[in-house]
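The values are calculated or read from the model by the stated rules, or taken from the named source; none is laboratory data. Remember, it's a predicted structure, so these values are computed and weren't measured experimentally. All Cβ positions, even for glycine, are placed from backbone atoms using ideal geometry, and neighbour counts span all protein chains on display. Note: accessible area is taken over every heavy atom of the protein model, side chains too, but ligands, DNA and RNA are not part of it. Shrake-Rupley method; radii C 1.70, N 1.55, O 1.52, S 1.80 Å.
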Amino acid sequence: TRGIGRAIANLLADEGASLAIWSRNQEELDSAVAELSAKGAKVTGAVVDVADKAGYQAWITSAGEELGGIDIFVPNVSAGGGDMSEQGWENNFNIDLLGTTRGIEAAMPFLQKSSAASIIIISSSGAVETFLAPQPYNAIKGALVVYGKQLSQALAPEGIRVNCVSPGPIFIEGGIWDIIKTNMVEIYDSTLAQIPQGHMGSAEEVANAVAFLASPAASLITGVNLVADGGLTKRVQL
């Protein structure tokens with residue numbers, strides 16, 4: 001209903017996709033469904049707690065039945081970063097990792113029937129290069145990249161493509177980098193200075209990467225981790 005997830009929904013609606021979206025906030029959900037429907041898209045939505053396995057998977061099944069199938073599944077879920085406590089590990093494991101794997105498990109019966117099935121996992125540039133500090137968020141996002149790659153190999157014979165998109169710092173009004181800019185100026189400025197393009201990305205730019213990987217234009221692409229970070233990461237990807 002907001003941030004990167006909302007930008008993805010907006011773009012896929014513009015491209016003619018029918019959508020099923022979820023949120024933890026009923027008011028935000030109702031607003032998003034109304035605005036997306038105004039684009040002419042068929043949209044369904046529900047308040048879902050990703051940590052509730054039974055409820056989460058039941059909703060995905062219900063959404064797939066209501067839409068008549070699932071061709072694209074984007075588990076854009078995260079508990080966020082910065083919490084380095086044991087509870088932080090549990091939160092990132094339960095939301096980022098299990099929220100992704102449980103969602104894929106529930107969507108799989110529909111994806112297996114699709115002629116253009118695509119799973120796009122949302123990771124982070126923090127998963128592929130040391131960033132800020134050792135923290136559960138980075139490590140768990142790294143696990144998602146490994147999982148996505150191995151899953152792509154297993155599902156390719158079934159015609160199901162699996163890719164990851166790893167955003168770098170994305171500036172969203174009211175989002176984490178907006179908060180850091182206001183309250184932790186040194187961290188914001190030092191991060192910005194490491195981005196060769198000279199600016200942080202937008203949610204819409206991440207959505208572009210997701211829509212490309214989901215589309216027939218990427219029909220030969222599977223098992224890729226597409227880093228969208230303005231050049232922040234310095235590794236050579238061979």
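Give me the net charge of Ser118's neighbourhood, meaning all other residues with Cβ under 14 Å from the Cβ of Ser118; Lys, Arg count +1, Asp, Glu -1.
Overall, the nearby charge balance is -1.
Pull out a ≥ b ≥ c, the square roots of the eigenvalues of the alpha-carbon gyration tensor of segment 83-145, then state rounded if a/c is under 1.5, prolate if not and a/b is larger than b/c, and oblate in the remaining case.
Note, shape of segment 83-145 comes out oblate.
Could you state the accessible area per residue of the chain in Å², with a 1.4 Å probe and every protein chain left in place?
Per residue, the chain has 49 Å² of solvent-accessible surface.
Please say if segment 1-75 is rounded, prolate or oblate, where rounded means a/c under 1.5 for a ≥ b ≥ c the square roots of the C-alpha gyration tensor eigenvalues, and otherwise the choice is prolate for a/b larger than b/c and oblate otherwise?
Values: a/c = 1.73, a/b = 1.25, b/c = 1.39.
Oblate.
Could you calculate the contour length gain from Ala133 to Glu158, that is, 0.36 nm times the residue separation minus the distance between their Cα atoms, to one decimal place in nm?
Taking Ala133 through Glu158 to full extension adds about 5.1 nm, to one decimal.
Pop a pseudo-label 7 angstrom from the Cα along the beta-carbon direction at both Phe93 and Asp189 and give the gap in nm to one decimal.
3.9 nm
Taking the full set of protein chains and a 1.4 angstrom probe, give the accessible area of Thr222 in square angstrom, rounded to the nearest 10.
50 Å²
If I compute solvent accessible area with a 1.4 Å probe over the protein chains, what percent of it on the chain is carbon and sulfur?
Of the solvent-accessible surface of the chain, carbon and sulfur hold 53 percent.
Nearest 10 degrees, 0 to 90: what angle lies between the long axis of helix 136-155 and the longest principal axis of the chain (Cα atoms)?
40 degrees
Could you calculate the FRET efficiency of Glu66 with Lys113 from 1/(1 + (r/R0)^6), where r is the beta carbon distance between them and R0 is 22 Å, rounded to 0.05?
After rounding, the FRET efficiency stands at 0.90.
For segment 156-238, calculate the relative contact order in percent as a whole number, restricting contacts to Cα pairs under 8 Å that are 6 or more residues apart. Please report the intermediate quantities before stating the final value.
Numbers: 89 pairs, mean separation 39.3, N = 83.
It comes to 47 percent, rounded to a whole number.
Using only Cα atoms, find the angle between the long axis of helix 98-111 and the longest principal axis of the chain, and express it within 0 to 90 degrees, rounded to the nearest 10.
It is inclined by approximately 30 degrees.
Which order do the peptides 182-189, 134-141 come out in when sorted by mean C-beta neighbours inside 10 angstrom, highest first? Spell out each step's value before the answer.
On the way: 182-189: 11.5, 134-141: 20.6.
Taking the mean over residues of other Cβ atoms within 10 Å, the ranking is 134-141, 182-189.
What distance in nm separates the simple spin-label points at Glu204 and Ala38, each placed 7 Å from Cα in the Cβ direction?
With each label placed 7 Å out from Cα toward Cβ, I get 1.7 nm.
If you compute log10 I(q)/I(0) by the Debye sum over Cα atoms at q = 0.07, 0.08, 0.15 Å⁻¹ for the structure shown, which of (1) -0.26, -0.34, -1.03; (2) -0.20, -0.26, -0.96; (3) -0.22, -0.28, -1.07 do you land on?
Answer by label: (3).
Based on the alpha-carbon gyration tensor of segment 37-146, what equivalent-ellipsoid semi-axes (square roots of 5 times the eigenvalues) come out, in whole Å, largest first?
28, 15, 13
For the chain, what relative contact order do you get, as a whole percent, if you take Cα pairs closer than 8 Å and at least 6 residues apart?
Normalised by residue count, the contact order of the chain is 19 percent.
When a/c is below 1.5 the answer is rounded, else prolate if a/b is larger than b/c, else oblate, so apply that to segment 172-238 with a ≥ b ≥ c taken from the square roots of the Cα gyration tensor eigenvalues.
oblate
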